[in-house]
């Protein structure tokens with residue numbers, strides 16, 4: 001003889017109903033199951049089949065718990081009383097929460113979160129995605145660990161050109177293979193008073209003399225400072241600017257080298 | 001809009017079915033489920049998992065009252081209509097007649 005109350009009690013679990021209604025609900029649902037079971041047996045079903053059919057009436061016990069509570073009390077079942085997979089009653093939810101909090105307590109994890117591209121935020125690789133404070137923190141870590149790539153990252157993403165130049169110096173000193181970042185830094189120094197892009201371009205030329213891009217940078221740097229005063233008066237649409245630049249050896253010679261260089265690596 | 005109307009119709013119809021069945025006499029949940037199935041000749045299927053929460057909701061609203069009573073050698077919870085439930089039944093029945101009448105007038109129109 002099946003103990004249907006026991007079956008229902010196990011399925012429903014605790015349900016914080018006021019005024020002893022919990023036992024009433026258990027009794028009533030058990031009677032529904034028992035009556036269905038007896039009817040199925042009377043109609044010729046085996047006991048196991050009758051039990052299966054009877055239990056099939058309540059396939060989602062968790063939903064039933066919630067609906068019974070809402071119907072009796074007039075309010076939703078509190079989340080801490082729910083038994084769903086994300087319910088706070090589940091041990092694994094607390095374990096996951098503890099692990100998440102442990103990660104958040106790690107400074108390096110919080111730092112890593114800064115570079116994640118969250119919705120509504122600019123692309124993480126955009127320089128504006130990082131605060132100056134965050135970049136300083138990254139740079140301090142690079143200094144401490146003597147990690148050239150970290151410093152190169154700061155050099156390439158720091159909107160403060162002066163800070164970018166300093167970080168680039170440190171990165172290249174630690175790892176000359178990172179000399180390619182000079183290409184970015186040489187552009188940064190255009191706007192930095194007192195800084196000259198030419199030493200950075202010379203370093204690039206010494207490091208990768210066969211790269212056309214180096215000479216393109218040189219040609220650009222040679223005429224950039226004179227742009228407003230000398231070149232702006234020419235009309236690019238009519239070819240005046242092209243002819244004027246071709247007559248300027250500081251631009252033409254590096255451009256010739258650009259086109260004769262064996263490879264282009266930007 | 002369509003979904004809301006459908007949900008409201010189903011919800012209202014379910015309440016009306018139960019209140020109507022309890023008008024004749026007090027009944028327990030198992031009997032109500034069986035009666036809906038039998039009287040509609042299997043056309044209206046009522047999930048048992050929805051029946052009990054609905055009975056508890058009607059009880060909370062004061063439209064029905066449940067009491068444990070002996071029946072067939074066991075205790076059953078019998079539900080009976082309250083005075084408030086009778087008023088609600090009358091109102092819901094009138095609305096149902098109005099609605100089904102309107103539907104019939106549209107659906108049963110024959111071209112002369």
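Among the residues of this structure, residue A:172 counts as one that is crowded, with 16+ Cβ neighbours inside 10 Å and assigned to a helix (DSSP H, G or I).
Let's see how each residue does on (1) assigned to a helix (DSSP H, G or I); (2) within 25 Å of residue A:65 (Cβ to Cβ); (3) modelled with pLDDT of 80 or more:
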{"position": "B:4", "(1), (2), (3)": "yes, no, no"}
{"position": "B:11", "(1), (2), (3)": "yes, yes, no"}
{"position": "B:14", "(1), (2), (3)": "yes, yes, yes"}
{"position": "B:18", "(1), (2), (3)": "yes, yes, yes"}
{"position": "B:21", "(1), (2), (3)": "yes, no, yes"}
{"position": "B:30", "(1), (2), (3)": "yes, yes, yes"}
{"position": "B:34", "(1), (2), (3)": "yes, yes, yes"}
{"position": "B:38", "(1), (2), (3)": "yes, no, yes"}
{"position": "B:45", "(1), (2), (3)": "no, yes, no"}
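Scanning the range B:48-90 for residues that are surrounded by 14 or more Cβ atoms within 10 Å (Cβ to Cβ) and assigned to a loop (DSSP other than H, G, I, E, B) yields B:61, B:63, B:82. Checked against (1) on the phi < 0 side of the Ramachandran plot; (2) surrounded by 11 or more Cβ atoms within 10 Å (Cβ to Cβ), residue A:43 passes all but condition (2).
Residues that are touching a strand residue (DSSP E or B) at 6+ places or on another chain (Cβ under 8 Å) and assigned to a helix (DSSP H, G or I) were ranked within the range A:201-219; the one that is surrounded by the most Cβ atoms within 10 Å (Cβ to Cβ) is A:204.
What about residue B:62, is it more than 20 Å from residue A:38 (Cβ to Cβ) and free of Cβ contacts under 8 Å to residues at least 24 places away in the same chain?
Taking the combined requirement at face value, the residue satisfies it.
If you filter the range A:16-30 down to residues that are at the interface with chain B (Cβ under 8 Å from one of its Cβ atoms) and surrounded by fewer than 21 Cβ atoms within 10 Å (Cβ to Cβ), you find that the one that is farthest from residue B:66 (Cα to Cα) is A:27. Residues of the range A:220-266 that are part of a helix (DSSP H, G or I) and within 13 Å of residue A:183 (Cα to Cα): A:220, A:221. Counting only residues that are without any contact (Cβ under 8 Å) to a residue 40 or more places away in the chain and under 53 Å from the mean Cα position of the chain (by Cα), the range A:1-43 holds 18 of them.
Of all residues in the range B:40-65, count the ones that are more than 14 Å from chain A (Cβ to nearest Cβ) and either under 19 Å from residue A:20 (Cα atoms) or out of contact with any helix residue (DSSP H, G or I) (no Cβ under 8 Å at 6 or more places or on another chain) (or both).
Residues of the range B:40-65 more than 14 Å from chain A (Cβ to nearest Cβ): B:40-44.
With either under 19 Å from residue A:20 (Cα atoms) or out of contact with any helix residue (DSSP H, G or I) (no Cβ under 8 Å at 6 or more places or on another chain) (or both) added as a condition, the list becomes B:40-43.
Counting residues in the range B:40-65 that are more than 14 Å from chain A (Cβ to nearest Cβ) and either under 19 Å from residue A:20 (Cα atoms) or out of contact with any helix residue (DSSP H, G or I) (no Cβ under 8 Å at 6 or more places or on another chain) (or both) gives 4.
Of the residues that sit in the range A:35-49 and are part of a helix (DSSP H, G or I) and farther than 20 Å from residue B:45 by Cα, which one is nearest to the other protein chains (Cβ to nearest Cβ)?
So in the range A:35-49, the residues part of a helix (DSSP H, G or I) come out as A:35-42, A:47-49.
Retained after the next criterion (residues that are farther than 20 Å from residue B:45 by Cα): A:38, A:41-42, A:47-49.
Numbers: A:38: 10, A:41: 15, A:42: 13, A:47: 19, A:48: 20, A:49: 18 Å.
For the range A:35-49, the residue satisfying everything is A:38.
What are the residues in the range B:69-85 that are at the interface with chain A (Cβ under 8 Å from one of its Cβ atoms) and touching a strand residue (DSSP E or B) at 6+ places or on another chain (Cβ under 8 Å), if any? Correct list: B:75, B:76, B:77. Of everything listed in (1) in a helix (DSSP H, G or I); (2) closer than 18 Å to residue A:132 by Cβ; (3) at pLDDT below 85, the single unmet condition for residue A:159 is (1).
The values are calculated or read from the model by the stated rules, or taken from the named source; none is laboratory data. For clarity, every value in this text was computed on a predicted model and none was experimentally measured. Every residue, glycine among them, receives a Cβ derived from its backbone with ideal geometry; neighbour counts consider all protein chains shown.
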